[in-house]
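J.: Input: one structure, supplied below.
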Amino acid sequence: MFRTYAGYATPGATNARFKANLAKGQTGLSVAFDLPTQTGYDSDHPMAAGEVGKVGVPIGHIGDMRTVFDGIPMAEMNTSMTINATAMWLLALYVAVADEHGAPRASLAGTTQNDILKEYLSRGTYIFPPEASIRLTSDLITWTLHETPKWNPINVCSYHLQEAGADPVLEVAYALANAICVLDAVRATGRVDADDFPRLVGRISFFCNAGIRFIEETCKMRAFYALWDRITRERYGVDDPKFRRFRYGVQVNSLGLTAQQPENNVYRIFLEMLGVTQSKDARARAVQLPAWNEALGLPRSWDQQWSLRAQQILAFESDLLEHGDIFEGSKVIEAKTAEIAGAAGEELERVLERGGSVDALGYMKERLVALHAERRRAIESGERVVVGVNRYTTTETSPLTEGLDELAYQRVDPEHEAAQIESLREFRSGRDSAAVRHALDALRRAAEGSDDLMPVSIEAALAGVTSGEWADALREVFGEYRAPTGVSDVAASAGERIEEARERVNAAVTRTGRARLRMLVAKPGLDGHSNAAEQVAVRARDAGFEVVYQGIRLTPSQIARAAAEEDVDVVAVSILSGAHGWLVPEVLERLRAEGVDPSQVPVVVGGVIPEGDERKLLELGVARVFTPKDYDLTAAIGEIADLISG
């Protein structure tokens, strides 16, 4: 199956992109949702400001879902939805629209990601405490088993674990631990008969990552197959090999895409695709590829087409699919597979001994942050080569990027957010308010009890409940949650380069007359990709800063208040969602209101920020902007220390 990950700006624009991609030979849809939709906020909520339509399509109600799938044959489509905390709600909207299309529920094929556990470990789009979230996950799974039997109710994600720092061993171990946690919870509901349980296990799918070490990645996938076969047979008593099969899709690694010499990413993407396609016995069922320029900004249609063509050439021009498993009998492959499977099995047991994924979240998060820190240090030292970044950095001018700052990526017009908010308000004004109140009351009652929440969610969708209203009703019952950051117990760096950074920090200490410098690392808005912020916090602490890091999803007011109350010397803001144009000015304004002068307390910003936006932020009072081109984190910490004048 050929997919590209799409969804942006407005439901109408997303519908047009889907139809264009299908016309080019794409055979399935992979839907990206914006952060307000992922975290349960309506587009006009203060937390959504600047985030609407930035990283995906905004879906505020059933009308938006109707627009996205207008003219698309839902009964024939295979639709993957990257959605987790609000997975039940988005599936409810999808099913409600499919019903309107006349598509039999039994015909609906696709996947809801619905893997909330990895959100606590990496992506950060969780809302509710783990126990309540697992209940939502279990309810969705048991409902789909009977109502939409072709639907994959969960995509257990190792992809984001690798992005958060996991090596093959941790990626395999933690993904399987999360799958076990969910299956144990589903079995505990008592809603699935023993005879049906193997069929349910057979609907569990995985969403994996593929890095540049493509031989190792091939062995990783073979290890996944072996361990999943053993777990499903021994733990869950599944005898039918068909239901024990490790079914997975892939997006190849985005973490390794570089802003420097971005044309090199084309080769990286193709090699990574080989890791999950060349071994027939461990081949991905669906592959989606990032675009070559994702480290620069949101890809254009042409960029997505280029990635799609890579899949089509491999499938239809090469002879890869004409042969059996080309690695069968290879001693090298068998040994590496056994090594990964053995180490992953041991790590899985350590998680299970701690009570499973929910109880071991803190342990797993710390391990991921530590491994990610090791990877960063290896790149900075040159021990791990990244072509065009730390070796072979001289280059000819690239015709792909030269002079194309405004054209080399897709921009979302700020007017789209205003239009989406206006559309939402028009929808609210035209609905039956009594029906909405009745549907929300029914949702709360069901949440307070033990009934499956999927049927009442579909009724809420049909009644005109909005995404924010659905989530707020459950917040009232379940509460909210802040996940562990994982930065406290990471081992300190050593070596000549970190010593140089410490000297620069000490020089700043001397200039200020302070006993120790304090840095606030801040994640404003709804962007939950905390990997960069965590690594900044770890490296700054290694260099001698006292670090204040309160985790993700803070408002500009909360950040400013923390800067004032903690009496910090520098504020480091991380934004990866593209909302820097709105959030950074707000942070600066709130800091001044709290009596924190950015001319005295430097504000630095990191993210995927185009040059034109960088200039605007500097004019507003930001002291320094760091982008993916600034890969040397140790040097960046030294630069930040130099900005502190005292």
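The values are calculated or read from the model by the stated rules, or taken from the named source; none is laboratory data. Being a predicted model, the structure only gives us computed values, none of them experimental. Methodologically, a virtual Cβ is constructed for each residue, glycine included, from the backbone with ideal geometry; neighbour enumeration extends over all protein chains shown. Note: areas computed on protein heavy atoms with side chains; ligands, DNA, RNA excluded. Shrake-Rupley method; radii C 1.70, N 1.55, O 1.52, S 1.80 Å.
J.: For E147 and D193, calculate 0.36 nm times their separation in residues minus their Cα-Cα distance, and state this gained length in nm to one decimal. Can you show the working numbers first?
T.: Details: separation 46, 0.36 × 46 = 16.56 nm, distance 1.50 nm.
Roughly 15.1 nm would be gained on extension.
J.: For N78, which sequence-distant residues (separation of 5 or more, or a different chain) have an amide H within less than 5 Å of its own amide H, given hydrogens modelled in the peptide plane?
T.: When sequence neighbours closer than 5 places are left aside, the close amide H contacts are L29.
J.: Turning to a different aspect of this structure: What nm value, rounded to one decimal, do you get for the distance between V387 and Y363 when each label is placed 7 Å out toward the C-beta?
T.: 4.1
J.: At a 1.4 Å probe radius, carbon and sulfur cover how many percent of the accessible area of the range 257-298? Spell out each step's value before the answer.
T.: Values: 730 of 1280 Å².
That fraction is 57 percent.
J.: If you keep only loop residues by DSSP, which GluC sites (Glu not before Pro) in the range 425-517 have at most 16 other Cβ atoms within 10 Å of their Cβ?
T.: Values: sites: E426, E448, E459, E469, E476, E480, E496, E499, E500, E503; in loops: E480.
Here the GluC sites (Glu not before Pro) that fit, given the DSSP loop and packing criteria, are E480.
J.: Further question on the same structure: List, in order, the whole-Hz ³J(HN,Hα) value for each residue of the range 600-612 obtained from phi through the Karplus relation with A = 6.51, B = -1.76, C = 1.60 and θ = phi - 60°; use x for Gly and Pro.
T.: 9, 10, x, 10, 10, 10, x, x, 7, 10, x, 4, x
J.: Rounded to the nearest percent, how much of the accessible area of the range 453-519 (1.4 Å probe, protein heavy atoms only) is carbon and sulfur? Don't skip to the answer; put the middle values down first.
T.: On the way: 1510 of 3140 Å².
Its accessible area is 48 percent carbon and sulfur atoms.
J.: For the range 198-205, in order, what is each residue's ³J(HN,Hα) by Karplus, 6.51 cos²θ - 1.76 cosθ + 1.60 with θ = phi - 60°, in whole Hz (x at glycine and Pro)?
T.: x, 5, 5, 4, x, 8, 6, 10
J.: Give me the 1.4 Å probe accessible area per residue for the range 498-609, excluding ligands and nucleic acids, in Å². Write out the running numbers ahead of the final one.
T.: Details: 3940 Å² over 112 residues.
Accessible area per residue: 35 Å².
J.: Then there is this: What is the spin-label model distance, in nm, from R245 to I215 if the labels are put 7 Å beyond Cα along the C-beta direction?
T.: 2.9
J.: For Cα pairs less than 8 Å apart in space and 6+ apart in sequence, what is the mean separation divided by the residue count of the range 105-157, i.e. the relative contact order in percent? It would help to have the intermediate numbers written out before the result.
T.: Values: 59 pairs, mean separation 32.8, N = 53.
After rounding, I find 62 percent.
J.: Would you mind putting 556-565, 136-145 in packing order, based on average other-beta-carbon counts within 10 Å, highest first?
T.: Details: 556-565: 19.6, 136-145: 23.8.
By packing density, highest mean first, the sequence is 136-145, 556-565.
J.: D642 versus R66, label points 7 Å from Cα toward the beta carbon: distance in nm?
T.: According to this spin-label approximation, the distance is 5.9 nm.
J.: Where in the range 346-448 are there chymotrypsin sites (Phe, Trp or Tyr not before Pro) that are in a DSSP coil and have at most 13 other Cβ atoms within 10 angstrom of their Cβ? Walk me through the numbers on the way to the answer.
T.: Working: sites: Y363, Y392, Y409, F427; in loops: Y392, Y409.
In loop regions of the range 346-448 (DSSP not H, G, I, E or B), the sparsely surrounded chymotrypsin sites (Phe, Trp or Tyr not before Pro) are Y392.
J.: With Rg/Rh (Cα atoms, Kirkwood Rh) in mind, check (i) 1.07; (ii) 1.22; (iii) 0.95 and report the label derived from this structure.
T.: (iii)
J.: So who's got an amide H within less than 5 Å of the one on H61, skipping anything under 5 residues away but keeping other chains? H placed 1.01 Å off N, in plane.
T.: S467
J.: If R0 is 25 Å, what FRET efficiency do you get for E353 and V477 from their C-beta distance, rounded to 0.05?
T.: Details: r = 32 Å, r/R0 = 1.28.
Once rounded, the FRET efficiency stands at 0.20.
J.: Given the C-alpha centroids of the range 153-188 and the range 374-405, what is the distance between them in whole angstrom?
T.: So the two Cα centres are separated by 31 Å.
J.: If one puts a single equal scatterer on every Cα of the range 51-190 and applies the Debye formula without solvent, what log₁₀ I(q)/I(0) results at q = 0.14, 0.17, 0.18 Å⁻¹?
T.: Values, matching the q order: -0.69, -0.98, -1.07.
J.: Okay, moving on. What is the Cα centroid distance between the range 66-130 and the range 530-599, reported in whole angstrom?
T.: Cα centroid of the range 66-130 versus Cα centroid of the range 530-599: 34 Å apart.
J.: Fully extended, how many nm does the chain gain between Q558 and D229 (0.36 nm per residue separation, minus their Cα-Cα distance)? Kindly include the intermediate steps, with their values, before the conclusion.
T.: On the way: separation 329, 0.36 × 329 = 118.44 nm, distance 4.75 nm.
My answer for the length gained is 113.7 nm.
J.: A378 label point, 7 Å along Cα→Cβ, cut-off 15 Å on backbone N: hits in the range 503-540?
T.: Label zone hits: none.
J.: Now for a different question. Based on alpha-carbon centroids, what's the gap between the range 207-226 and the range 442-484 in Å, whole number please?
T.: 37
J.: Taking R0 as 35 Å, what's the FRET efficiency between T397 and A23 from their Cβ-Cβ distance, rounded to 0.05?
T.: Numbers: r = 34 Å, r/R0 = 0.97.
Efficiency, rounded to the nearest 0.05: 0.55.
J.: Would you please give the residues with an amide H less than 5 Å from that of V570, counting only those at least 5 places away or on a separate chain, with H modeled from the backbone geometry?
T.: R518, L520
J.: Could you state the accessible area per residue of the range 47-200 in Å², with a 1.4 Å probe and every protein chain left in place? Before the final figure, lay out the partial values.
T.: On the way: 3510 Å² over 154 residues.
Here the per-residue accessible area is 23 Å².
J.: While we're looking at this one, here's another question. Output the peptides 43-53, 328-338 sorted from most to least packed, where packing is the average of other Cβ atoms within 10 Å over each peptide's residues.
T.: On the way: 43-53: 22.9, 328-338: 13.7.
Final packing ranking: 43-53, 328-338.
J.: Dipole of the chain, Cα-centred, from +1 at each Lys and Arg C-beta and -1 at each Asp and Glu C-beta, to the nearest 20 debye? Walk me through the intermediate numbers first.
T.: Values: 69 positive and 92 negative charges, 144 e Å.
Roughly 700 debye, rounded to the nearest 20.
J.: Over the Cα atoms of the range 489-563, Rg to Rh with Kirkwood Rh, two decimal places?
T.: 1.02
J.: Please list, in order along the range 181-192, the HN-Hα scalar couplings obtained from phi with the Karplus expression 6.51 cos²θ - 1.76 cosθ + 1.60 (θ = phi - 60°), rounded to whole Hz, x for Gly and Pro.
T.: Running phi through 6.51 cos²θ - 1.76 cosθ + 1.60 with θ = phi - 60° gives 4, 5, 5, 4, 5, 5, 4, 5, 5, x, 8, 10 Hz.
J.: Just the accessible area per residue of the range 437-484, please: how many Å² with a 1.4 Å probe? List each step's numbers first, then the result.
T.: Numbers: 2110 Å² over 48 residues.
Result: 44 Å² per residue.
J.: Need the full-extension length gain, H323 to S599, defined as separation in residues times 0.36 nm minus the C-alpha distance. One decimal, nm.
T.: Working: separation 276, 0.36 × 276 = 99.36 nm, distance 6.48 nm.
Here the answer is 92.9 nm.
J.: Taking R0 as 30 Å, what's the FRET efficiency between V332 and R497 from their Cβ-Cβ distance, rounded to 0.05?
T.: Numbers: r = 35 Å, r/R0 = 1.17.
For V332 and R497, the calculated efficiency is 0.30.
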